[in-house]
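So the structure is just underneath, and the comments pick up after that.
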């Protein structure tokens, strides 16, 4: 599943952006901690033994069979729950290693969310100064107006294969939905700040209500006041 994330950072170089996002990756072992289920494993292991003794006797075949199958807590934790055994200063502990702050496994700048931000110069951008971020749709209106004009320009030369594929897609939608230029622009200007589920800023992060732009804009305005000279970058995340 893909979703959009907005990163607020002091620098917007690729190296910095991916380094900042690394803190929230479920694949970065540097931030792994043990999700500890040791007490649960011990309790259930002992409870199982007590139940077998109570029902079948202390020297029963059932108890012997259980202890052969699970000779120690490590075997029981693995076979019954899939928990890993970790050696710690407090002895063996059972559970999972993971990043408790993770919310994605893979990300790329822009990606499927390349058409998400516009600045006060009415430009569609993947990154800009936070103080220059516009909450109006002007950049999107301008962008899709130009696309409409180019769609029907027989002399227009595509920038690359991706743009050619995009134009074919837009033409198909226009035909299927009988769109005019006005309704075409109205349909796609809603890309502005759409599909954003997470915001990351210095020393903090937050999950948002999906597609609730009012909450998102209110939060971004607060962050604009706090970090006006920082950059905002849109990230395509996968989980």
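Test residue 62 against the stated conditions and say whether it is exposed (fewer than 14 other Cβ atoms within 10 Å of the Cβ), without any contact (Cβ under 8 Å) to a residue 60 or more places away in the chain, outside the structural domain of residue 234 (by TED's automatic domain parsing) and not in a helix (DSSP H, G or I). When the stated conditions are applied, residue 62 does not pass them. Taking the criterion of being surrounded by 14 or more Cβ atoms within 10 Å (Cβ to Cβ), more than 26 Å from residue 7 (Cα to Cα) and touching a helix residue (DSSP H, G or I) at 6+ places or on another chain (Cβ under 7 Å), would at least one residue in the range 131-146 satisfy it? Scanning the range 131-146 turns up at least one residue that is surrounded by 14 or more Cβ atoms within 10 Å (Cβ to Cβ), more than 26 Å from residue 7 (Cα to Cα) and touching a helix residue (DSSP H, G or I) at 6+ places or on another chain (Cβ under 7 Å). Taken together, the criteria place residue 66 among residues that are in contact with a helix residue (DSSP H, G or I) (Cβ under 9 Å, 6 or more places away or on another chain) and over 30 Å from residue 126 (Cβ atoms). Scanning the range 66-89 finds one or more residues that are loosely packed, with under 14 Cβ neighbours inside 10 Å, within 30 Å of residue 237 (Cβ to Cβ) and at pLDDT below 95.
Okay, residues lined up against (1) closer than 28 Å to residue 82 by Cα; (2) surrounded by 15 or more Cβ atoms within 10 Å (Cβ to Cβ):
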| site | (1), (2) |
| --- | --- |
| 14 | no, no |
| 22 | yes, no |
| 30 | yes, no |
| 52 | yes, yes |
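State whether one or more residues within the range 35-42 are surrounded by fewer than 14 Cβ atoms within 10 Å (Cβ to Cβ), in a helix (DSSP H, G or I), outside the structural domain of residue 16 (by TED's automatic domain parsing) and touching a helix residue (DSSP H, G or I) at 6+ places or on another chain (Cβ under 6 Å). No; the residues of the range 35-42 include none that is surrounded by fewer than 14 Cβ atoms within 10 Å (Cβ to Cβ), in a helix (DSSP H, G or I), outside the structural domain of residue 16 (by TED's automatic domain parsing) and touching a helix residue (DSSP H, G or I) at 6+ places or on another chain (Cβ under 6 Å). Considering the conditions (1) surrounded by fewer than 15 Cβ atoms within 10 Å (Cβ to Cβ); (2) closer than 25 Å to residue 192 by Cα, residue 117 is excluded by exactly one of them, (1). Within the range 189-239, the residues that satisfy the criterion of being surrounded by fewer than 18 Cβ atoms within 10 Å (Cβ to Cβ), at pLDDT 95 or above and either at positive phi or touching a helix residue (DSSP H, G or I) at 6+ places or on another chain (Cβ under 8 Å) (or both) are 228, 229.
The values are calculated or read from the model by the stated rules, or taken from the named source; none is laboratory data. Since this is a predicted model, take the numbers as computed values, not measurements. Here the Cβ is made from the backbone with ideal geometry for all residues, glycine too, and neighbour counts use every protein chain on show.
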